[in-house]
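Structure first, then comments.
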Amino acid sequence: MTTYLIDVTYNADAWAAWIRTPHSCAPKIEALLTNLRGRLIGFWWANAGFDSLLLVELPDAAALLTFRAYAASMGGIDTVRAVPLLSDQEGVAAMASAGAHSQ
């Protein structure tokens, strides 16, 4: 499984819908990720250059693209950006590999 940091920005239609009927979108996200053999680790609202931040696990890049395409097709979402994250152990292994190739 790969862990991804995903940031999402919403459009005015999404904000208007939440103001009319406040609700969490986390259950829908969890259901989609479960169908993709992934999981939602966390969901946060943000006051940044994006509106929400998700930490998810997905089995592969195809599952990530499916998630992004589905989320974007729902309407109300302007952008969905994903960053694959490496564990500390994976990062150290990458540095060791870089060191081996630099000699």
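The values are calculated or read from the model by the stated rules, or taken from the named source; none is laboratory data. Everything quoted here is computed from the prediction, not taken from an experiment. Cβ sites come from the backbone with ideal geometry, for glycine too, and all protein chains shown count toward neighbours.
Out of everything in the range 61-75 that is among the hydroxyl-bearing types (Ser, Thr, Tyr) and at pLDDT below 95, what residue ends up being nearest to the chain's Cα centre (by Cα)?
Once the filter is applied, the top-ranked residue is Tyr70.
Within the bounds of the range 33-43, is there any residue that is farther than 21 Å from Leu85 by Cα, free of Cβ contacts under 8 Å to residues at least 60 places away in the same chain, surrounded by fewer than 18 Cβ atoms within 10 Å (Cβ to Cβ) and of a type in the set (Gly, Ala, Ser)? Within the range 33-43 (the criterion being farther than 21 Å from Leu85 by Cα, free of Cβ contacts under 8 Å to residues at least 60 places away in the same chain, surrounded by fewer than 18 Cβ atoms within 10 Å (Cβ to Cβ) and of a type in the set (Gly, Ala, Ser)), the answer is no, since none of the residues qualifies. Residues in the range 1-20 that are closer than 12 Å to Ile77 by Cα, touching a residue at least 60 places away in the same chain (Cβ under 8 Å) and of a type in the set (Phe, Trp, Tyr): 1 in all.
Among the residues making up the range 37-60, those that are among the aliphatic types (A, V, I, L, M) and over 13 Å from the mean Cα position of the chain (by Cα) are Ala46, Ala48. I'm trying to understand the selection: among the residues of the range 44-60, which are surrounded by fewer than 12 Cβ atoms within 10 Å (Cβ to Cβ) and either modelled with pLDDT of 95 or more or polar (S, T, N, Q) (or both)? Within the range 44-60, Trp44, Trp45, Asn47 meet the criteria. Within the range 75-89, being without any contact (Cβ under 8 Å) to a residue 24 or more places away in the chain and exposed (fewer than 12 other Cβ atoms within 10 Å of the Cβ) holds for Asp88, Gln89. For the chain, the helices (runs of 4 or more DSSP H) that sit wholly inside it and include 2 or more residues that are polar (S, T, N, Q) are 26-35, 61-73, 88-101.
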